[in-house]
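Below is one structure, written out as structure tokens, with a few remarks after it.
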Amino acid sequence: MGPLPLPLRNRLADLILEAFEPGEARATLLALAAVSGAAAGPVDAADARRLLALGWFESDASGRIRLLGAHRAHGPALAERSRRAASVARDWRDRGVGMLRLLDRAAALARHGLFFEVHELLEPAWFQAPEPARTALQGLIQVAVAFHHLESGNREGARSVLALGVAKVEGAGAALPLETAAWLDGLRAMLSTLAAGGAPPAIPGWPLPLPPRP
């Protein structure tokens, strides 16, 4: 299952991030996840309208929805990523505000292997954050990019950017409400495996945000 073309990947990422809030984006994502691969499938009129509005689908002679010919080769990858994202978005409820909400969403995306979306989620906050939170967020972004590279088979790219991310997260200390000590140990072990050319290492679970102090 190859990577999605950039226009599909980027538009899907936007849709996934928008789907944290109830509304049309979430409904569209759930409809997308319900359509399996390149096969035509029955959907209700509202979901058909949503899918057709993406520009990725067409209606066949019988009125069923299917991927456009140019996108059918990417049907399995699109369906798999959409299903993972739908698992995040379905009945999502924010459990915090501000930075806690941001980090909670990042952890939810990472748990489902949506590391490109973690990058897209955190990048606007990184641009605006003061130090040392800015450095910590950049480190998280670089770790997410490394995991994305690793899933795409780019081991050297993963190793180099992971090393940068680990250094930034470690150097920023407790700038963010995250428990990162055990996570950083796992990331260092991953770096050692990558440097030694060993089998692709398991990706350590993303750290959850710490509850606010009373």
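The values are calculated or read from the model by the stated rules, or taken from the named source; none is laboratory data. The shown structure was predicted, so the numbers you read here are calculated from the model rather than taken from an experiment. For neighbour counting, all protein chains shown are included, and Cβ atoms are generated from backbone atoms with ideal geometry for every residue, glycine included. In case anyone asks, the SASA skips ligands and DNA or RNA and just uses the protein heavy atoms, side chains included. Shrake-Rupley method; radii C 1.70, N 1.55, O 1.52, S 1.80 Å.
The table below gives the values:
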quantity: Segments 58-69, 17-28 sorted - mean Cβ within 10 Å per residue, highest first; calculated: 17-28, 58-69
quantity: Whole-Hz ³J(HN,Hα) from phi, Karplus 6.51 cos²θ - 1.76 cosθ + 1.60, for region 64-74, glycine and proline x; calculated: 7, 9, 8, 5, 4, x, 5, 9, 5, 5, 9
quantity: Extent along principal axes [Cα atoms of region 57-140; Å; largest to smallest]; calculated: 57, 26, 19
quantity: As computed over the chain, the Cα convex hull volume per residue (Å³); calculated: 121
quantity: Assigned charges on the beta-carbon of Lys, Arg, Asp, Glu; region 55-214 dipole about Cα centre (debye); calculated: 300
quantity: Rounded tilt (10° steps) of 98-111 against the dominant C-alpha axis of the chain; calculated: 70
quantity: Dipole axis of region 93-214 (+1 Lys, Arg; -1 Asp, Glu on Cβ), positive-most option in VAL161, ALA175, GLY139; calculated: ALA175
quantity: 5 angstrom amide H check on LEU208, placed H, neighbours 5+ away; calculated: GLU179
quantity: Portion, in percent, of the accessible area of the chain that falls on carbon or sulfur, probe 1.4 Å; calculated: 57
